[in-house]
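The values are calculated or read from the model by the stated rules, or taken from the named source; none is laboratory data. All values derive from a computational prediction rather than experimental measurement. Glycine also receives a Cβ, built like all others from the backbone with ideal geometry; neighbour counts cover every protein chain displayed. With ligands, DNA and RNA removed, areas are computed over all heavy atoms of the protein, side chains included. Shrake-Rupley method; radii C 1.70, N 1.55, O 1.52, S 1.80 Å.
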Amino acid sequence: LIDSTVAPSVSSLKSNLLGNANPSELQENLEEIFRSIFKIPDLQIGFTAFDPENDKFTNMSFGQKIKSFILDSRTEGDCKQELKSDSYHSLLKKRSAVTVSKVSEFAAINPDSKLLKHFETKNIQSFILAPVVKNDALLGILELVSFHERELNSVNARKLEIVMPFIIDTISRKVTELQNQIQAVIQKNYTSLHPSVNWRFRDEALKYIHSANAGKEYTPKEIIFHDVYPLYGQID
């Protein structure tokens, strides 16, 4: 007997990632595919984007919210506050996956872990957090969670190697599309910018894009920096 589950699942994964389904439909389809690959009926997946400029996690990276288990219902969170120092180093610096097969056991050993406490309240018993990296740039964290102990572990975490290239390419494409949208909004509503203040205009452009995707009207606001003083100098 040959287990042929993975090959058609990967083929279905490619088709879904190349399609134009909305985020909720895409997430539902991807969960079914991951459940088939990992053989976990109630497996759930999420994605938390990484904002390198502010060292923050965000769940609005593609212009509208997608499920994020790290942030839950919040829009963003400081990376160092969300993760313990060793998890922060593994995920964001070493770019290696973090796997916990028994959350209650690890939470007892690490009582100061905000993330483990949060997962316990959500009845998440095992999980895998895998960094999504493209061209040495961290795009975010792929989240696989199970409501049963030991269902996700360091052994079946290796199955991610099969699907990660397709996930990485898709997320990279979505991030590029969003960046192009942001630049278009900024160019339409504001004058040329100095790179040091680009972040503020980028935030306003994101609000405009999120509102448009949600079918709401939003007019980009005038951006003012208070208590700014010009400095003049001359070199002979």
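A search for C-beta distances below 7 Å between a residue of the range 109-121 that is free of Cβ contacts under 8 Å to residues at least 12 places away in the same chain and any residue that is open to solvent by less than 90 Å² (accessible area, probe 1.4 Å), counting only pairs 6+ apart in sequence or on different chains, returns Lys117/Ala107. Starting from the range 132-152, take each residue that is free of Cβ contacts under 8 Å to residues at least 40 places away in the same chain and list its partners that are open to solvent by 40 Å² or more (accessible area, probe 1.4 Å) and among the basic types (Lys, Arg), counting only C-beta distances under 8 angstrom and pairs at least six apart or across chains. Here the result reads Val133/Arg95, each pair linking the range 132-152 to a residue that is open to solvent by 40 Å² or more (accessible area, probe 1.4 Å) and among the basic types (Lys, Arg). Name every residue in the range 34-48 that is in contact with a Gly (Cβ under 9 Å, 6 or more places away or on another chain) and open to solvent by less than 10 Å² (accessible area, probe 1.4 Å), in order of residue number. Within the range 34-48, just Thr48 meets the criteria. Does Ile66 meet the test of being in contact with a Gly (Cβ under 8 Å, 6 or more places away or on another chain), open to solvent by 20 Å² or more (accessible area, probe 1.4 Å), closer than 20 Å to Leu160 by Cβ and β-branched (Val, Ile, Thr)? Yes: the conditions hold for Ile66.
Only one of the numbered conditions (1) of a type in the set (Phe, Trp, Tyr); (2) assigned to a helix (DSSP H, G or I); (3) at pLDDT below 90 is violated by Phe62, and that is (2).
Restricting the range 69-80 to residues that are in a loop (DSSP other than H, G, I, E, B) and at pLDDT 90 or above leaves a set whose member that is most open to solvent (accessible area, probe 1.4 Å) is Phe69. Return yes when Ile182 is free of Cβ contacts under 8 Å to residues at least 40 places away in the same chain and within 19 Å of Glu76 (Cβ to Cβ) and no when it is not. Against the criterion (free of Cβ contacts under 8 Å to residues at least 40 places away in the same chain and within 19 Å of Glu76 (Cβ to Cβ)), Ile182 qualifies.
When you check Lys174 against the structure, is it open to solvent by 60 Å² or more (accessible area, probe 1.4 Å), out of contact with any Leu (no Cβ under 6 Å at 6 or more places or on another chain) and farther than 29 Å from Leu17 by Cα, yes or no? Criteria not met by Lys174.
For the range 200-222, the tally of residues that are in a helix (DSSP H, G or I), under 20 Å from Lys174 (Cβ atoms), open to solvent by 40 Å² or more (accessible area, probe 1.4 Å) and of a type outside the set (S, T, N, Q) stands at 5.
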